[in-house]
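Working notes for the structure below.
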Amino acid sequence: MKLQFQVGEIISCEAVAKSKKLLCSQVKIGSKTYQIVSGIRKQYSPEEMPGKKVMVLVNLAPREIAGVKSEGMLLCAEGKDGELSLMTPERDMPAGAEIG
């Protein structure tokens, strides 16, 4: 399967109740909204996420993480100390733009 990456815009985000490291984000990609669970809570608070443009792997099969449905993956870089940084487009790109 060929991986499909697109720019997404986070429209809302909340902490996953039974986890210290998971966030659940609603991510707009084109005309569709995806729910994505990610383990980035140590680096990002739910309050700072809305409005961020992020790179998303969109053609993953949905799966349940900590009892919450996840429909994609936010792309992050990981530093030597384990700190995560969301991958974001350098220029303002529309939600849904293809990443090639």
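The values are calculated or read from the model by the stated rules, or taken from the named source; none is laboratory data. Owing to the predicted nature of the structure, the values given are computational and were not obtained by experimental measurement. Virtual Cβ from ideal backbone geometry, glycine too; neighbours counted across all protein chains shown. Calculation scope for accessible area: heavy atoms of the full protein, side chains included, ligands and nucleic acids excluded. Shrake-Rupley method; radii C 1.70, N 1.55, O 1.52, S 1.80 Å.
Just one of the listed residues (21, 80) is surrounded by 13 or more Cβ atoms within 10 Å (Cβ to Cβ), without any contact (Cβ under 8 Å) to a residue 24 or more places away in the chain and farther than 23 Å from residue 100 by Cβ, and it is 21. If the condition is being under 20 Å from residue 3 (Cβ atoms) and either in contact with a Pro (Cβ under 7 Å, 6 or more places away or on another chain) or charged (D, E, K, R) (or both), then the stretch 29-54 contributes 32, 53.
In the stretch 49-77, of all residues being among the small types (Gly, Ala, Ser) and crowded, with 17+ Cβ neighbours inside 10 Å, the one that is farthest from residue 9 (Cα to Cα) corresponds to 70. The residue that is nearest to residue 6 (Cα to Cα), counting only those in the stretch 84-99 that are touching a residue at least 24 places away in the same chain (Cβ under 8 Å) and open to solvent by 100 Å² or more (accessible area, probe 1.4 Å), is 98. Out of the residues in the stretch 24-48 meeting the condition of being in a loop (DSSP other than H, G, I, E, B) and not small (Gly, Ala, Ser), tell me which one is most open to solvent (accessible area, probe 1.4 Å). The residue in question is 42.
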